[in-house]
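The values are calculated or read from the model by the stated rules, or taken from the named source; none is laboratory data. Note that the coordinates shown come from a computational prediction; the quantities given were computed from them, not determined experimentally. Because the Cβ atoms are built from the backbone with ideal geometry, glycine has one as well, and the counts that use them run over all protein chains shown. SASA here: full protein model, heavy atoms, side chains in, ligands and nucleic acids out. Shrake-Rupley method; radii C 1.70, N 1.55, O 1.52, S 1.80 Å.
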Amino acid sequence: MSIIKLHDLYFKPFINKDQISTITKHLAQRVKADLPKDEVPIFVGILNGCFLFAADFIREFKGNCEVSFVKLASYQGTSSTEKIKHLVGINEDLTGRTVIILEDIIDTGRTLQEIYNIFRDKNVKQLKVATLFFKPDVFRKELPIDYIGKSIEDKFIVGYGLDYDGLGRNYPAIYQLTPTPKMKNIVLFGPPGAGKGTQATFLKEMYNLVHISTGDVFRFNIKNQTELGLLAKKYMDEGNLVPDEVTINMLKAEVDKNADANGFIFDGFPRTESQAKALDEFLAEKGEQINGMVALEVPEDLLVSRLLERGKTSGRPDDMDEIKIRNRFNEYNTKTAILQDYFETQEKYYGINGVGSIADITQRIARVFDTL
């Protein structure tokens, strides 16, 4: 889960879909347990917000029931208003029936008061209320709420049926209002020999960003025998890949050390989709996000020639053997293709022509940076 933008506001992950599913299941079980064995209740959902919750709740109820809906309008933008309008009423004969109201969220209680007014003259057997979320800090009514899924603080939320001026209902998780992200965070990618390190040096100076190279982070932790460094070295000495969790924790530590930075250039990380998701989630917790993946694109044959030439002076064995160089490209292309799809889905992938002078390539990247 990463930060989302709806209209002019940003929202960070708050409650994931698995947690929502668990809350909904427990609510349905509690309601079922409280009803007489042969009771057939009628569930009344309050539209529009509860439609996802009502559907999932009813599936979890595991018993005979009827379903209806009433639609009320009580929100404009991000705050409740004093006016509540009847838009759709109940047409069923509810005389002697057990009615259970399904609400997505109860905050001030004004909507709940209107619900009680609706059913005042319906001669129901009993009226109960089940709400997915409840904001106790702002509840202002002396009204009973029989079933509460989760009490939350008084911050505006969207997702899972809840909206901000019409948007956000379709998200399967809940997101909470957060300040506009302040950092500019870039994932810089490029095949071996593309000049990624050179460009990172220029860009971090131009935009006052912190450059985090996975290789440098590993070397620092191993050299200084940090807890993570010793753990990584243990895996490496045994000939095993360092687990994602260790790598991610190293990167998190680097970010935390530079909490006041204008942003970060992530170089060599993420390398897998699971790492990309972990990075998104970590930044989202801080109210930040990856603004874009910038990938330097250079023809492979040109890079092979460039690396072989570099190998004459660098002394690096993997720059002297064309087969080893081609293998490095295969690994890069496999991983980058997956990450390209991941970031393209978020509309955050930017392919940059990596052929030309260093200054020309820097300007091409800068033009993308300036739009983020």
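Looking at Glu39, Glu60, which is the one that is surrounded by fewer than 18 Cβ atoms within 10 Å (Cβ to Cβ), at pLDDT 95 or above and in contact with a Ser or Thr (Cβ under 9 Å, 6 or more places away or on another chain)?
Numbers: Glu39 fails: at pLDDT 95 or above.
On inspection, the qualifying residue turns out to be Glu60.
Among the residues of region 2-33, which ones are open to solvent by 70 Å² or more (accessible area, probe 1.4 Å), touching a residue at least 40 places away in the same chain (Cβ under 8 Å) and closer than 20 Å to Arg97 by Cβ? Arg30 - this is the single residue of region 2-33 that is open to solvent by 70 Å² or more (accessible area, probe 1.4 Å), touching a residue at least 40 places away in the same chain (Cβ under 8 Å) and closer than 20 Å to Arg97 by Cβ. Summed over region 347-372, residues that are part of a loop (DSSP other than H, G, I, E, B) and under 11 Å from Val298 (Cβ atoms) total 3. Any residue that is modelled with pLDDT of 90 or more, touching a Phe, Trp or Tyr at 6+ places or on another chain (Cβ under 8 Å) and open to solvent by less than 70 Å² (accessible area, probe 1.4 Å) - is there at least one of those in region 86-96? The answer is no, given that none of the residues of region 86-96 is modelled with pLDDT of 90 or more, touching a Phe, Trp or Tyr at 6+ places or on another chain (Cβ under 8 Å) and open to solvent by less than 70 Å² (accessible area, probe 1.4 Å). Scanning region 317-337 for residues that are open to solvent by less than 80 Å² (accessible area, probe 1.4 Å) and either under 16 Å from Phe269 (Cβ atoms) or in contact with a Cys (Cβ under 8 Å, 6 or more places away or on another chain) (or both) turns up Tyr332, Lys335, Thr336. Being touching a helix residue (DSSP H, G or I) at 6+ places or on another chain (Cβ under 9 Å), more than 16 Å from Leu283 (Cα to Cα) and not β-branched (Val, Ile, Thr) is a property that Pro191 has.
I'd like to verify a number: residues in region 338-353 that are of a type in the set (D, E, K, R) and open to solvent by less than 80 Å² (accessible area, probe 1.4 Å), how many?
Final tally of qualifying residues: 1.
Of all residues assigned to region 266-277, at least one qualifies as being in contact (Cβ under 8 Å) with a residue 60 or more places away in the chain, assigned to a helix (DSSP H, G or I) and closer than 23 Å to Gly195 by Cα. Residues that are open to solvent by less than 50 Å² (accessible area, probe 1.4 Å), touching a residue at least 12 places away in the same chain (Cβ under 8 Å) and of a type in the set (D, E, K, R) number at least 1 in the following helices (runs of 4 or more DSSP H) confined to region 162-246: 196-207. Among the residues of region 321-372, those identified as under 24 Å from Asn208 (Cα atoms) and among the hydroxyl-bearing types (Ser, Thr, Tyr) are Tyr349, Tyr350, Ser357, Thr362, Thr371. Gly77 is checked against (1) of a type outside the set (D, E, K, R); (2) open to solvent by less than 40 Å² (accessible area, probe 1.4 Å); (3) out of contact with any helix residue (DSSP H, G or I) (no Cβ under 6 Å at 6 or more places or on another chain); (4) at pLDDT 90 or above and fails just one. What number does that condition carry? Against the list (1) of a type outside the set (D, E, K, R); (2) open to solvent by less than 40 Å² (accessible area, probe 1.4 Å); (3) out of contact with any helix residue (DSSP H, G or I) (no Cβ under 6 Å at 6 or more places or on another chain); (4) at pLDDT 90 or above, Gly77 comes up short only on (4).
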